Amino acid sequence: MKNVDPRQFGSVPRQASSNALNSAFRILTRRDHTRKELAVKLRQKGFDRAAIDSALARCRELGYLDDAKTAMIIAGHLAERGYGPLRVRQALGQKGLDDALIEKALARCGDEEIQVLSARRMLGKKTSRLSREADPWKRRQIAYRFLAGRGFSSTVINRAINDI
């Protein structure tokens, strides 16, 4: 029985499972991760699928792994830093979150009025660059590209740059 692989019987070797769980704990102490992110990091460390699944399940049981909470934290952080809902959606999608969680998290970006205020606040940081441009049309183009790159919708951008 020396060459028997315990995984063929449906159990995860205790040592591999314990190591994967310890690695997951270390990863999660640095920052919140989504389930997909944590699984990728554990896979990169060389753990097999069974050990990863076991570690993910245990982390979720203990409340250390919560995709909904992580989505809200990320969305709130990006919105506070002046990013619009399109950029927030992209960032959450890259983290492997499903559409339902993304839609709930996008509420952190606020309604259109709040987004316009945020876009104007971001434009306030570009006043020196915008004031160097004499042509009002080019000034609007610069502002539009800047805000579009930060993930604001065209409606919000147009309202924010109306005064430029």
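The values are calculated or read from the model by the stated rules, or taken from the named source; none is laboratory data. Since the structure is predicted, the reported quantities are computational estimates derived from the model, not experimental observations. Methodologically, a virtual Cβ is constructed for each residue, glycine included, from the backbone with ideal geometry; neighbour enumeration extends over all protein chains shown.
Only residues that are closer than 17 Å to residue 101 by Cα and basic (Lys, Arg) were counted across region 24-40, and they come to 2. Of the residues making up region 49-68, those that are crowded, with 16+ Cβ neighbours inside 10 Å and in contact with a Lys or Arg (Cβ under 8 Å, 6 or more places away or on another chain) are 50, 52, 56, 65, 67. Among residues of region 65-84 that are more than 30 Å from residue 54 (Cβ to Cβ), those with a Cβ under 6 angstrom from a residue that is surrounded by 15 or more Cβ atoms within 10 Å (Cβ to Cβ) and among the basic types (Lys, Arg), sequence gap 6+ or separate chain, pair up as 76/108; 79/108; 83/150; 84/150.
Consider residue 41 carefully, then state whether it is under 15 Å from the mean Cα position of the chain (by Cα), in a helix (DSSP H, G or I) and of a type outside the set (Phe, Trp, Tyr). Against the criterion (under 15 Å from the mean Cα position of the chain (by Cα), in a helix (DSSP H, G or I) and of a type outside the set (Phe, Trp, Tyr)), residue 41 does not qualify. Residues considered: 118, 154. Of these, the only one that is polar (S, T, N, Q) and surrounded by 13 or more Cβ atoms within 10 Å (Cβ to Cβ) is 118. When we screen 93, 110, 84 for residues that are within 19 Å of the chain's Cα centre (by Cα), under 21 Å from residue 149 (Cβ atoms) and at pLDDT below 95, the only hit is 110. Within region 151-164, if we keep just the residues that are outside any helix (DSSP H, G or I) and touching a helix residue (DSSP H, G or I) at 6+ places or on another chain (Cβ under 9 Å), the residue that is nearest to residue 89 (Cα to Cα) turns out to be 151. Looking across region 1-21 at every residue that is in a helix (DSSP H, G or I) and either among the aliphatic types (A, V, I, L, M) or at pLDDT 95 or above (or both), the one that is surrounded by the fewest Cβ atoms within 10 Å (Cβ to Cβ) is identified as 16.
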